[in-house]
Amino acid sequence: MNGGPSGFNNAPVTKTFVIASALFTVFFGIQGRSFKLGLSYQDIFRKLSIWKLITSVFAFSSTPELMFGLYLLYYFRVFERQIGSNKYSVFILFSVMASFLFEVMAVAILKDPTSNLLTSGPYGLIFASFVPFFFDIPVSTWFRIFGVRFSNKSFIYLAGLQLLLSSWKRSLLPGICGILAGSLYRLNVFHIRKAKFPEFITSFFSRVSWPSIGNPPTTPARNLAGNVPSYTTRQVERTYASAVASSAIEPSEDAVATLVSMGFDQNSARQALVHARNDINAATNILLEAQSH
């Protein structure tokens, strides 16, 4: 399942976070210190270890966790494209902080000073992202494998389940805390969904010159509907008009409502869905491409 155009187009914050997570993990792996990652009761309450607190946000403790974790972070870039880099930065900060507070409370309750209770990695952010993924990303296709029915969202859930159980209790607890943090964000606690950072903070990520990953900016973005070139707004409108005239596909009202809830105009949302053959992810990216010009 794709999350829209390949690469990190319109997702600079996700790009920075993914690269930072990979670099931290590789660095500690090369140093042979991966086994020291993770948080215990002593790290939090007896001898506060600042470096562990920081690295626990980014660095995974094993290669399988890194692979599944980066895959999910990369897929969830779709949310940055939907709500914008500024609000997505708020979502990251809230998810990390809220899940960490839940983890601290859980460690305080369990009180086991002999072992690392929490595995390392951005579990809070990843599993907080499953909350909007469950509620806001509709199922667009169903298929069967050996008689078992799957949707286009099933493989994301399976990757999440693999990551959740990768270190058993040590990964299960941070995953549950992340889901709780994502639920609080969705409930708009403290009106967090309206919060924004100053523009100069989020614009910094757009200016960071990381190595190019995915399609270069000059290459037409590829999404679920195929290759869609970068149109001007008028060109997109003309394409929409021709699509409406030539296509018999009727947009789903649920899909239209979902796009409208993201802040898009109803008519534009309907036209984008027609052009994207009722694929909400592709329609979202068409609308975002139109807004970027």
Within the bounds of region 147-164, is there any residue that is out of contact with any strand residue (DSSP E or B) (no Cβ under 7 Å at 6 or more places or on another chain), over 30 Å from Asn278 (Cβ atoms) and free of Cβ contacts under 8 Å to residues at least 12 places away in the same chain? no
Scanning region 47-62 residue by residue, those open to solvent by 10 Å² or more (accessible area, probe 1.4 Å) and either under 21 Å from Lys153 (Cα atoms) or of a type in the set (Phe, Trp, Tyr) (or both) turn out to be Trp51, Phe58
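Quick one: would you say Ser61 is assigned to a helix (DSSP H, G or I) and either touching a Leu at 6+ places or on another chain (Cβ under 8 Å) or in contact (Cβ under 8 Å) with a residue 24 or more places away in the chain (or both)? Break it down stepwise before answering.
Working: assigned to a helix (DSSP H, G or I): no; either touching a Leu at 6+ places or on another chain (Cβ under 8 Å) or in contact (Cβ under 8 Å) with a residue 24 or more places away in the chain (or both): yes.
It is false that Ser61 is assigned to a helix (DSSP H, G or I) and either touching a Leu at 6+ places or on another chain (Cβ under 8 Å) or in contact (Cβ under 8 Å) with a residue 24 or more places away in the chain (or both).
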Going through region 154-172 one residue at a time, which ones are under 22 Å from Phe91 (Cα atoms) and open to solvent by less than 40 Å² (accessible area, probe 1.4 Å)? Ile156, Ala159, Gly160, Leu163, Leu164, Ser171
Val26 being free of Cβ contacts under 8 Å to residues at least 12 places away in the same chain, among the β-branched types (Val, Ile, Thr), at negative phi and touching a helix residue (DSSP H, G or I) at 6+ places or on another chain (Cβ under 9 Å): yes
Taking region 242-285, which residues are at pLDDT below 65 and open to solvent by 60 Å² or more (accessible area, probe 1.4 Å)? Ser242, Val244, Ala245, Ser246, Ala248
Test for Glu65: is it surrounded by 19 or more Cβ atoms within 10 Å (Cβ to Cβ), within 24 Å of Ser34 (Cβ to Cβ) and touching a Cys at 6+ places or on another chain (Cβ under 7 Å): no
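Among the helices (runs of 4 or more DSSP H) lying completely within region 72-183, list those that include at least 3 residues that are in the same structural domain as Ala276 (by the TED database) and at pLDDT 95 or above. Can you show your working first?
On the way: elements: 77-83, 85-110, 123-136, 154-164.
Filter on region 72-183 gives an empty set.
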Restricting to region 86-95, and then to whatever is open to solvent by 30 Å² or more (accessible area, probe 1.4 Å) and in contact (Cβ under 8 Å) with a residue 60 or more places away in the chain, can you tell me which residue is farthest from Leu180 (Cα to Cα)? Lys87
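The values are calculated or read from the model by the stated rules, or taken from the named source; none is laboratory data. Keep in mind that what you see is a predicted model, and the values were worked out from it rather than measured. When we count neighbours, we look across all protein chains shown, and the Cβ atoms used for this are built from the backbone with ideal geometry, even at glycine. All accessible areas refer to the heavy atoms of the entire protein, side chains included, with ligands and DNA or RNA removed. Shrake-Rupley method; radii C 1.70, N 1.55, O 1.52, S 1.80 Å.
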